[in-house]
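This report concerns only the one structure given below.
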Amino acid sequence: MTGVFSLLPELRGAEHGLLLAPLGDDEGEDIARYLAVGGYAPLVAPGRLLDRIAAVGLRGRGGAGFPAAVKIRAVRDAPGPRVVVANGEEGEPGSVKDRWLLRHRPHTVLDGLRLAAAMTGAERGCVYLSDAHAERAVRRALAECSLDLRIDVVRTEHTYVAGEESAVVRRIDGGPALPTAKPPRPFERGVGGAPTLVANVETLARIALMYSRPDVADAVAGTHLVTLSGAGAGAGAGAALVEVPAGTHLKVLADLCGHGTADAVVLGGLFGGLYGEGWTDLPLDHDRLLAAGGALGCGALHFLRPEDCPVAVATEAVAYLAAQSARQCGVCVSGTRALAGTLESVGCGEAGHEAVDKLHRWSRQLPGRGACGLLDAAARIVGTLLAHFPDRIDAHRRAGCPACEGDAPEDGRRFTVPVP
Ligand code: SF4
């Protein structure tokens, strides 16, 4: 199955404020439709909305899963003036949810940005994106609504690191979309030096939904937009964007997009690593995935067929990350290059025990040493490959891998998913 759909019985089919409209509806969102479902309603008590966000435990949807209310309060409590940013630049390959939202639910995102501005006391907003279709939709939506907030649209290039929050601030300020050393974090000193809330567009859309649908606020907070894809013919094979409750088992999601017989899954775009035996028991849950050595990240899942080689997939992923390194931190440049080169030599059957020992060591030593999460992602892929697929690594070293024979190395395209 491909396309966009919802698994939320309590929301699906309702007339009001859905992130994902009922099946078959691809009309998108215009101002009349959005106002008709209660959008852009005056916000008389911003503190009460913030309390509700805290009470239902909404977590950010950009990847880190940080509590949204804590981030909003940090900006609100910093000395003004303040800025709010809708971050729609999703760098993880295999994730399309943010571009889909901007293209099809621009008013919901803008409404969330308006509410975030009211809660933080910001007088300036910004929509940050790289997708041309999304930019057109957002500009059209801005022309349709009249908000009491200055909102700029800033376009960036599409790279792995361009959506990292310090890169977002740097790009909006006219610099390159590259991460900076922290502290200061954007909530302390962000756009133009002002305390800045950089919020993922799904987070903002959920805030807008919670405001217009307080009756289902818990369900809205406990729901994820998840991009599913799998190995197989063509980029984004068996791809789907689904809206599902937290806790849904990954096996259910694999079945949905025709990958129920998968042997393994890549979690969180590339950020959450590779998971093998036992993946079917994993739920879509930040804490449970972290406890299992993975990460939910942006929520994208890429399933591997039994005939796909996890060593080849990990090699391709790490090579992609090495190529995407912003080359600012020496440890990232040398670390990703060493991981990619050593993995490749393992994959080619040219590496001995020492190479595998090095991979073990690096996967433990490198996380947390770069200015952004790219190095962590590369190290986690290697660490999870070593933990879940020791037999496959041995097979490569001893006699070659039948699954890889004749396969030309790819360049990260297998993780790319078209926006539905
Ligand atoms: S960790 Fe890598 S990608 Fe991230 S800022 Fe440093 S060099 Fe750039």
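Remarks
- The largest accessible area among 376, 255 belongs to the first residue in 255, 376, and the rest follow in falling order (1.4 Å probe, all chains).
- Restricting the GluC sites (Glu not before Pro) of the stretch 302-374 to loop positions (DSSP other than H, G, I, E, B) with no more than 16 neighbouring Cβ atoms within 10 Å leaves 307, 350.
- Partners of residue 358 within straight-line reach, counting lysines whose Cα lies under 25 Å from its Cα and excluding those fewer than 8 residues away in the same chain: none found.
- Dipole magnitude of the chain about its Cα centre (Cβ charges: Lys, Arg +1; Asp, Glu -1), debye to nearest 20: 1300 debye
- Here the Gaussian network model covers the chain, with springs between Cα atoms less than 10 Å apart; of 90, 29, 277, 277 fluctuates the most.
- One way to sum up the overall shape of the stretch 117-251 is the equivalent ellipsoid from its Cα gyration tensor, whose semi-axes run 27, 22, 17 Å, largest first.
- Of the trypsin sites (Lys or Arg not before Pro) in the stretch 297-374, the ones in a loop by DSSP (not H, G, I, E or B) with at most 14 other beta carbons within 10 Å are 327, 369.
- Estimated purely from DSSP H runs of n ≥ 4, each contributing -39500 (n - 2.57), the mean residue ellipticity at 222 nm for the chain is -12000 deg cm²/dmol once divided by its residues.
- Overall dimensions of the stretch 222-420 by Cα: Rg and Dmax, Å: 15.9, 47
- Comparing 111, 215, 30 in a Gaussian network model of the chain, where Cα atoms under 10 Å apart are tied by springs, the biggest mean-square fluctuation is seen for 215.
- Candidates 345, 146, 166, ranked by Gaussian network fluctuation over the chain, Cα under 10 Å, top entry: 146
- Globularity ratio of the chain, using Cα Rg and 2.2 N^0.38 Å: 0.97
- Straightening the chain between residue 32 and residue 277 buys 83.3 nm, computed as 0.36 nm per residue apart minus the Cα-Cα spacing.
- Accessible area per residue for the chain is 40 Å², calculated with a 1.4 Å probe on protein heavy atoms, without ligands, DNA or RNA.
- Cα-based values for the stretch 155-215, radius of gyration first and Dmax second, are 13.6, 43 Å.
- Shape metrics for the stretch 11-220, restricted to C-alpha atoms - Rg then Dmax, Å: 15.8, 47
- Each peptide in 96-103, 65-72 was scored by the mean count of other Cβ atoms within 10 Å over its residues; highest first, the order is 96-103, 65-72.
- Partner lysines for residue 251 [C-alpha distance under 25 Å; skip if fewer than 8 residues away on the same chain]: 97
- With every protein chain in place, the chain: carbon and sulfur % of accessible area (1.4 Å): 51 percent
The values are calculated or read from the model by the stated rules, or taken from the named source; none is laboratory data. All values derive from a computational prediction rather than experimental measurement. We place every Cβ from the backbone using ideal geometry, glycine too, and count neighbours over all the protein chains shown. When the accessible area is computed, the model is the full protein with side chains, heavy atoms only, and any ligands, DNA or RNA have been set aside. Shrake-Rupley method; radii C 1.70, N 1.55, O 1.52, S 1.80 Å.
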